[in-house]
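Below: the structure, in C-alpha cells.
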Amino acid sequence: MCLQSAHRISRQAVRPPGHIPSGMCKAAERNIGRIAVGLLIVALAVAHAAAQTGATAYTWDQIRAKFEADNPTLQADETNVQETQAEEITADLRPNPQFGLTVDGTQIAPNDGIWQPLAGTFVVPSISYLHERDHKRELRLQSAQQGTQIAGSQHSDLERSMLFTLRTAFVETLEAKAIVNLSQQELKYYDHIIAISRERYQKGDLAKIDFERIELQRVQYESDLETAQVNLRTAKIQLVELLDEHAPINQFDVQGPFDFSDQLQPLDFFHQIAFNNRPDLRAALQSVQQAATNHKLAIANGSTDPTIGAWYTYNASTANPYANQTLGFSVNIPLRIFDRNQGEKARTQLDILRNQQLADAARAQVLSDVDSAYAQVNGNLVLLRPYRAQYLGEALEVRETVTYAWQHGGASLMDFLNAQSDYRNVQIAYLQLVGAYLTAAAQLNMAVGREVIQ
C-alpha cells in the first residue's frame with residue numbers, strides 16, 4: 001500500500017542515495033511535459049477563473065477603451081482642450097466699427113428777441129473703424145492655434161501616464177490571479193500528501209509526530225491562499241477605481257496572457273520611436289514655436305493702428321452757404337513717442353530661449369526614461385530565461401524525487417518539507433518576475449509613447 005500511495009504522488013523511479021535509476025531520463029522527459037502543461041494552466045488561469053465565477057472578464061484592449069471613454073480625469077482634461085480651442089475664436093475676432101451720433105446747433109437762449117431753438121439744429125451720424133496693422137489678428141490666431149496643439153499634446157501625455165498606471169493595475173491583477181491559481185493547486189496537492197500520510201500513519205508506517213508536523217504545514221498553504229485572494233481583490237478594487245466602474249468586485253474580472261517574450265529590439269530602436277511619439281517632447285517643441293509667434297505678435301503690437309472715421313451732416317453751419325448736406329473724413333494715428341511694448345518684446349524674446357532650454361531638457365528626459373525602462377525589461381529577461389530553461393524543471397524534479405524518496409525512507413521529513421517549500425518559492429518567484437517584466441514592459445511603452453511590447 002505504501003508503494004501504491006507513493007506512485008499516486010509521483011511516477012518517477014526511486015532515487016536511493018548513491019544510485020541513479022535507469023529510467024531517470026524518461027522521467028525527466030515526462031517532467032518537461034508536466035512543466036509545459038503547468039505553465040499553460042497558469043497562463044490560461046484568468047480565462048478559466050472568469051468562466052467559473054461567471055464574472056465579466058475584460059481584455060486589455062477592452063479595459064483601455066473603457067478607461068478612455070469613462071475616466072473622469074481624462075474627460076475633464078479633454079474639456080480643457082476644447083476650451084483652449086474655443087479661444088481661437090476670440091483670437092480671430094476683428095475690431096467692431098464704432099457708430100456715433102452728434103446733435104449740434106440748437107439755440108438755447110433768445111437773441112435780439114428771436115428764439116428759434118431748432119432752426120439751426122443739425123444731426124451728424126458718424127462711423128469709425130480701428131485698422132489693425134502688421135497682421136496682429138493673424139498672429140493672435142496662430143498663437144491660439146499653437147496653444148490648442150500644446151494642450152492636445154499635454155492631454156496625450158496625461159493619457160500616457162495614466163495608461164501606465166492602468167496597465168500596472170491590470171498586470172497586478174493578472175499576477176494576483178496567477179498566484180491564487182498556484183496557491184489553490186499547491187493546497188490541493190498538499191491535501192493529497194496529507195491523505196497519503198494519514199493512510200501511512202493509520203497503518204503504522206509513519207510516526208504520529210511526523211504526521212502532525214505534516215498537517216501543521218497546511219496552515220501555511222491556507223494562509224498563502226487567503227493572502228493571495230486578498231491581494232487579488234485589492235488589485236481589482238484599484239483597477240475598478242481607475243475605470244470608474246460601479247459593478248461589484250465579484251462581477252469584475254480580467255483576462256490576458258501572463259507570460260513574457262524573449263525577443264527585445266535594440267535600444268536605438270526605442271530611442272527613435274520615443275523621439276517620434278513622446279507627447280511631452282512634442283509639446284515642448286510646440287511651445288518653442290508658440291514662443292516665436294508670441295514674439296512676432298509683441299513686435300506687431302508695438303506698431304500704431306489708425307482709426308478711420310467718416311460722418312454726414314444736414315443743415316450744417318459751414319463757410320459754404322449752399323452746403324446743407326456735407327461729408328467728413330478723419331484719420332486718428334496714435335503718436336508712439338514712448339514705446340510701451342518694449343517690456344513685452346523683451347519678455348517674449350527671453351521666452352523663446354526658455355522654451356528651447358525646456359525642449360532640450362525634455363529630449364534628455366526621453367533618453368533617460370527609455371534607457372531606464374529598457375534596462376529594467378532586459379534585467380527581468382536575464383532572470384526569467386534560466387527559470388524557463390532550468391529552474392522550473394529542476395524545482396519540479398526535486399520536489400517529486402524527494403517526495404518519492406521520503407515515502408520510501410530515502411529522505412528525512414525535513415528534506416521533504418523543504419522540497420515542498422522550495423518548489424513553491426521557485427514558482428512564486430517566477431510569477432513575480434513575469435509580473436515585474438510586464439510592468440517594466442508597460443514602463444517602456446510609456447517611455448516611448450506607444451505600445452511596443454504587448
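The values are calculated or read from the model by the stated rules, or taken from the named source; none is laboratory data. Everything quoted here is computed from the prediction, not taken from an experiment. Glycine also receives a Cβ, built like all others from the backbone with ideal geometry; neighbour counts cover every protein chain displayed.
Some observations on this one:
- Identity of the residue in segment 324-344, part of a loop (DSSP other than H, G, I, E, B) and surrounded by 12 or more Cβ atoms within 10 Å (Cβ to Cβ), that ends up farthest from the chain's Cα centre (by Cα): Asn324
- All conditions in (1) over 23 Å from the mean Cα position of the chain (by Cα); (2) free of Cβ contacts under 8 Å to residues at least 60 places away in the same chain hold for Phe269, with the sole exception of (1).
- Where helices (runs of 4 or more DSSP H) fall wholly inside segment 1-116, the ranges with 1 or more residues that are exposed (fewer than 12 other Cβ atoms within 10 Å of the Cβ) and modelled with pLDDT of 50 or more are 60-70, 72-91.
- When Asn378, Asn418 are checked against the criterion of being touching a residue at least 60 places away in the same chain (Cβ under 8 Å) and assigned by TED's automatic domain parsing to the domain that holds Pro266, a single residue qualifies: Asn378.
- Residues of segment 402-415 that turn out to be in contact (Cβ under 8 Å) with a residue 60 or more places away in the chain and of a type outside the set (Val, Ile, Thr), as a count: 6
- Taking the numbered list (1) within 23 Å of Lys136 (Cα to Cα); (2) at pLDDT below 95 in turn, Ser287 passes all entries but (2).
- The residue list Ser128, Ser156, Ser183 contains one member that is surrounded by 16 or more Cβ atoms within 10 Å (Cβ to Cβ), touching an Asp or Glu at 6+ places or on another chain (Cβ under 6 Å) and modelled with pLDDT of 90 or more, which is Ser183.
- The set of residues from segment 244-263 being in contact (Cβ under 8 Å) with a residue 60 or more places away in the chain and either part of a loop (DSSP other than H, G, I, E, B) or hydroxyl-bearing (Ser, Thr, Tyr) (or both) comprises Asp244, Glu245, Ala247, Gln255, Gly256, Pro257, Phe258, Asp259, Phe260, Ser261, Asp262.
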